[in-house]
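Asks: If you scroll down you'll find the structure; I have some questions about it.
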Amino acid sequence: MHRIFLVLIALVLLLPTLSIPLRDEGPISQFFNKRLAAFPQTSLLITNPKSYFLDLQSWFNDRVGFNTASVALYRKFHFHILDQSSYNYISKRGNFIFYHGTKEKPFRFIVADCPEKYNSHSDYYTIERIYKRISKSLEKYSARFRVVIIPTKTMIFANHLPRRIPKYLQLRCSAQISDKDFRKHLSETLDHTDVFYPIDIFREKRNDETFYPSFSYHLHGSGARFIAEAYFKHYGIQYSKSGHKFKRKTIRTDLVFLKGYNLEHETEVHDYSPLLTLNPKKDEYTQTLFELIKYSPKVEDYMYITNRTLKNGRRALLLSNSFGKPVRKHLALGYENLMHVNIAQFYNRSDGNRHQKTVTLLRNLMKNFKFTDIILLHQSSDLYTLSKSLEDAFTDGDI
Amino acid sequence: MLFTSSIFLFFFLPFYLLFEAILRHSLIILLTFSLFFYFFGEGWFVLLMLASIIINYFVGLAIGVSEHKQRWLVVGLLYNLFVLINFKYLGFLMSQLAPGTPVAELANHIHLPLGISFFTFQCISYLIDVYRGDIKSERSFLKVATYISMFPQLVAGPIVRYASIKADMDQPNISALNYYYAVLFFCIGLGQKVLIADTLGNFADPLFAAWKAIDNVTAWLAAVSYSLQIFFDFAGYSNMAIGIGYLMGFEFPQNFNKPYMAKSFTEFWRRWHISLSTWFRDYLYIPLGGNQGSYLQTYRNLLIVFLLCGLWHGASWVFIIWGLFHGCFLIIERIGFKQILEKLPSFFQHFYLLLLVVIAWVIFRSESTDQTITILGKMFGFISGGLMSYNAYYTHEIAIVLILGFIFSTRFVENAVSHFIALPARRGMWDKERKNKIAYIAGLTWAILLFCLSVIKIQAGVNSPFLYFRF
């Protein structure tokens with residue numbers, strides 16, 4: 001009887017392990033937003049067993065049964081019952097979520113969104129230096145360098161900031177001191193760069209539920225379309241008219257990898273299939289793109305789009321962080337070809353090999369394809385980090 | 001391998017249980033799994049443990065049969081102390097004696113193998129017990145090896161005496177009631193560690209890291225959170241070890257008995273890390289003369305014991321100060337303060353103990369004396385607080401767990417539910433009263449619920465290593 005009891009307990013505890021061979025790694029990788037750990041090399045067992053077992057443990061943890069379900073359940077509990085997410089440092093108030101920081105640096109994103117005084121920001125001198133370098137590098141190709149800055153949710157919905165955000169930060173965000181100072185300073189220091197920062201119109205449209213969805217970190221639907229159209233108008237770029245044909249559809253929100261589960265909200269979904277071709281086969285650009293994808297954990301970080309209806313001689317390289325993904329199709333309406341690369345992965349400089357290969361490929365892109373516009377698109381808080389990540393690729397004289 | 005890791009819970013433990021079931025509590029299986037457990041965590045340092053097993057086995061035999069028992073005891077003690085000093089204290093000693101020299105630099109890089117303090121103390125207790133004639137020297141190498149390397153208490157205690165498990169080694173104590181307690185102890189321990197200690201650790205760690213910036217209230221919150229964290233962390237581990245011990249047929253000694261319910265330091269040390277305090281009592285305090293000499297000799301003995309108790313926890317000045325802090329208050333209580341305390345209302349006695357224990361934990365947790373002074377200064381208003389508030393790391397979960405931590409560190413819940421749930425009995429964990437079946441089902445339900453919640457949290461990746469692993 002006692003032995004049966006032990007066997008029963010053992011079998012129950014073994015269930016998560018026994019399910020490992022049955023699990024599809026793709027969805028797990030997608031859920032955790034990372035490449036799953038590889039099985040350690042056997043030779044390590046003799047030479048460095050401690051390291052071998054650490055790797056083995058990582059391999060096991062990534063695949064053990066019920067791990068994604070447990071994580072989702074834990075985060076749901078935090079989000080819905082405790083009204084916040086401690087794990088991911090997402091704060092919530094009512095229907096509004098804000099990604100406010102990391103464990104090491106709490107509120108860092110709120111601080112970045114709402115700096116105390118823009119023109120005293122030392123980072124701007126670095127940004128200015130980088131932009132000058134990029135513009136100079138592009139002169140010989142007659143390509144224009146344009147910066148599209150998307151106002152962050154913090155600045156548009158400061159009155160919805162969660163109460164746990166320190167009062168001084170809430171006041172700073174809601175004071176809206178930044179707009180004019182920000183643009184003024186940008187235009188003074190970055191006089192050779194086109195900067196597009198449509199915050200006033202964003203504030204006008206803030207009550208449109210599909211513009212900047214409350215449960216989403218990124219903007220989707222009408223917000224993404226609006227950015228592109230305003231950009232075309234601002235620079236006088238001819239673009240294909242879609243006729244504003246769209247459906248209101250319920251889609252899953254973003255930041256699944258941070259929240260660990262999906263929420264749904266309604267937004268505009270545009271069908272541009274009559275106008276655009278995504279990643280066309282047998283295309284030189286697409287082949288290059290596939291080379292890039294090899295070094296990226298996520299295929300959706302890259303996209304090449306051809307516009308079948310437009311002949312305006314413009315070709316764009318869209319370099320962005322995650323905000324580029326919802327906007328790229330709309331921006332492609334103004335270009336014959338648009339290649340999008342999410343350069344946020346360059347943040348991770350610890351993975352030197354991947355970083356170096358990707359930078360090399362980016363240089364090749366600039367040399368081999370005659371882009372007319374280089375667009376750097378991101379939200380306002382990423383102004384420094386994203387520019388800095390470009391520095392290596394656009395080192396003076398290398399391109 | 002942490003007890004709270006997925007690979008332990010879902011791979012190592014079930015495979016061990018399967019072998020246990022098939023081979024009927026074989027010591028060879030237990031030894032093999034124990035050595036693998038250590039190899040998993042410390043790689044080839046398992047050879048150091050094997051060396052300790054072999055040397056202590058033969059020295060134990062020699063003490064048992066030789067006419068020169070004392071010489072052999074000295075040989076054994078010297079070996080064990082050499083291992084401990086070399087791996088744990090040499091870096092600290094050299095940094096104090098010859099700071100900045102290449103020798104000190106080299107000594108600083110000596111790796112501290114997991115659980116070395118625990119298994120070395122077990123070896124020492126074994127040799128002394130044989131020498132004193134409390135136990136016979138064990139002829140079976142398998143039993144000595146299993147005793148020293150047994151994986152449940154290998155890396156974080158409790159410190160087990162050979163006499164207390166010898167009978168269980170010969171004939172494992174298997175019964176349905178013991179299995180029930182095994183499940184209960186293990187799951188309660190897991191919950192204490194994962195649900196309470198780790199959550200509070202996520203709050204206390206960054207606050208202690210930002211010691212220069214935190215404000216006065218936050219300094220208090222950091223100190224209180226850490227005090228609860230270390231209790232639930234260590235008690236949780238001990239309970240898990242006791243639970244696994246029951247599954248194997250061993251009864252490990254109780255290690256904690258609601259220490260924060262104590263009313264004096266004397267009582268605190270009867271309730272906190274009981275296996276360590278009794279070890280020091282039996283193998284150091286009493287041999288030094290205990291309280292049989294003059295007052296001054298007793299105080300000297302107490303200071304020596306607590307100086308070494310502090311050092312046992314780590315090679316650093318903060319641990320020495322922590323140990324002496326406890327030793328000094330034990331002396332103050334002996335001088336007559338305990339009699340005064342006992343005349344005060346119970347509330348003041350608790351307040352006195354908790355306040356000083358929290359202060360002591362600040363010393364213990366700090367990485368430097370500067371940090372200790374600053375945090376204590378902020379707590380008591382001698383140093384003005386910084387701008388950083390606890391808000392940065394506060395979550396509702398932490399508030400809930402803090403409250404639960406307070407409640408579960410008392411007997412309140414046990415007293416309230418002990419008539420309905422067959423928990424370890426109120427007056428001592430070892431009273432095994434037979435209750436009605438529903439009480440057992442309720443106990444199992446509670447255990448399973450704790451297990452599931454803990455596993456969810458473990459998978460969410462928010463658990464942290466056991467604090468006591470570094471000792």
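Each reported figure results from applying straightforward, stated rules to the coordinates on display, with no laboratory input. Predicted model, so just to flag it, every value in this text is computed and none were measured. Cβ sites come from the backbone with ideal geometry, for glycine too, and all protein chains shown count toward neighbours.
Asks: Could you work out, residue by residue across A:56-63, how many beta carbons of other chains sit within 10 Å of that residue's beta carbon, and then give the average as an integer?
Replies: So the per-residue partner count for this stretch is 3.
Asks: Give me the one-decimal nm value for the distance between modelled label points at residue B:173 and residue B:416, 7 Å along each residue's Cα-to-Cβ direction.
Replies: The answer from the label model is 3.1 nm.
Asks: May I pose another question? Rounded to two decimals, what ratio of Rg to Rh does the range B:138-267 give with C-alpha atoms and a Kirkwood Rh?
Replies: 1.10
Asks: Between residue B:340 and residue A:30, what is the spin-label point distance in nm, taking each point 7 Å from the Cα along the Cα→C-beta axis?
Replies: Placing both labels 7 Å along Cα→Cβ, they lie 7.1 nm apart.
Asks: For the residues B:123, B:452, what sequence is obtained by ranking on other C-beta atoms within 10 Å, fewest first?
Replies: Fewest to most other Cβ atoms nearby, the residues stand as B:452, B:123.
Asks: Listed here are the pairs A:136/A:233; A:153/B:193; B:193/B:263; B:143/B:437; B:193/B:437; which of them are more than 31 Å apart at the Cα?
Replies: With Cα atoms farther than 31 Å apart: A:153/B:193; B:143/B:437.
Asks: So which helices of chain B fit the span-like rule, where a helix is a whole DSSP H run, its Cα atoms reach 20 Å or more along the axis, and its mean Kyte-Doolittle is at least -1.0?
Replies: Correct list, ordered by number: B:27-42, B:46-65, B:69-84, B:116-132, B:176-191, B:216-248, B:295-313, B:317-332, B:346-365, B:437-459.
Asks: Here's something else I'd like to know. Specify whether the C-alpha gyration tensor of chain B places it in the rounded, prolate or oblate class, a ≥ b ≥ c being the square roots of the eigenvalues: rounded for a/c under 1.5, otherwise prolate if a/b is larger than b/c and oblate if not.
Replies: It comes out rounded by the Cα gyration axes.
Asks: Only Lys, Arg, Asp and Glu count, each charged at its Cβ (+1, +1, -1, -1), so figure out the dipole size of the range B:159-260 about its Cα centre, rounded to 20 debye.
Replies: 120 debye
Asks: At what distance in angstrom do the alpha carbon centres of the range B:286-307 and the range B:198-245 lie from each other?
Replies: Their Cα centres are 32 Å away from one another.
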